[in-house]
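This report concerns only the one structure given below.
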Amino acid sequence: MTIIEAFQHELEGEAINTRKMFAQIPEDKWDWQPHQKSMSLKRLANHIAELPAWIGMVLFQDELDFATSPYQPTTYSNTPDLMDYFEKTLQLGKMDLEKADLAEMNNNWTLRDGETVFTQSTKYEMLRMTFSQIIHHRAQLGVYLRLLDIPIPGSYGPSADEEG
């Protein structure tokens, strides 16, 4: 299995887990946030949904510079629209992985805001970080749901709610 094939397989598994978590989001809690410094549930869920589209950005660009490409977060406010958007970004991510060139995985990729460099790594490392971001933020969403007393679906095995 190549690195690209491993990423394709991982993306499929993470998509299943993400769909299960999104399905639990209550329509009346989109603006809820656990702390004033935390993202709202809506902003967090939208960010998770957009992350598969970052795969192509990493593979086919050498950097993201917020000074020249300001970040514009998505803003879906209901679960069906969020899930539709996620399916679109997921398809983009899958198509981009199919076009990926393994020989370019060691090329540099930079995240910056003008002269301020946040991170510089290889495209492989940044792609790995993109997948980690999906997992990390989905885990945050799980904490949000737990704090709202909403049952959590299992990701890599049954959750405490599913065990009975």
Considering only residues of region 123-164 that are part of a loop (DSSP other than H, G, I, E, B) and within 16 Å of Ala15 (Cβ to Cβ), which is most open to solvent (accessible area, probe 1.4 Å)? Tyr156
Scanning for something surrounded by 14 or more Cβ atoms within 10 Å (Cβ to Cβ) and within 30 Å of Met1 (Cβ to Cβ), does region 73-83 turn up at least one residue? yes
Count of region 96-118 residues which are touching a residue at least 12 places away in the same chain (Cβ under 8 Å) and surrounded by 12 or more Cβ atoms within 10 Å (Cβ to Cβ): 12
Here are some residues: Leu59, Leu92. Which one is in contact with a helix residue (DSSP H, G or I) (Cβ under 6 Å, 6 or more places away or on another chain) and open to solvent by 20 Å² or more (accessible area, probe 1.4 Å)? Leu92
So which residues in region 75-117 are of a type in the set (Ser, Thr, Tyr), modelled with pLDDT of 95 or more and not in a helix (DSSP H, G or I)? Thr110, Thr116
Among residues belonging to region 18-55 that are open to solvent by less than 70 Å² (accessible area, probe 1.4 Å) and polar (S, T, N, Q), point out the one that is farthest from Trp109 (Cα to Cα). Gln24
Going through region 72-95 one residue at a time, which ones are without any contact (Cβ under 8 Å) to a residue 60 or more places away in the chain and among the aliphatic types (A, V, I, L, M)? Leu92, Met95
Region 19-32 residues that are of a type in the set (Asp, Glu), paired with ones that are open to solvent by 30 Å² or more (accessible area, probe 1.4 Å) and not in a helix (DSSP H, G or I) (beta carbon under 7 Å, 6 or more apart): Glu27/Asn78
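The values are calculated or read from the model by the stated rules, or taken from the named source; none is laboratory data. Since we're looking at a predicted model, the values are computed, not measured. With ideal geometry, Cβ positions are generated from the backbone for all residues, glycine too; neighbour counts draw on all protein chains shown. Quick note on the areas: whole protein, heavy atoms, side chains included, nothing else; ligands and nucleic acids left out. Shrake-Rupley method; radii C 1.70, N 1.55, O 1.52, S 1.80 Å.
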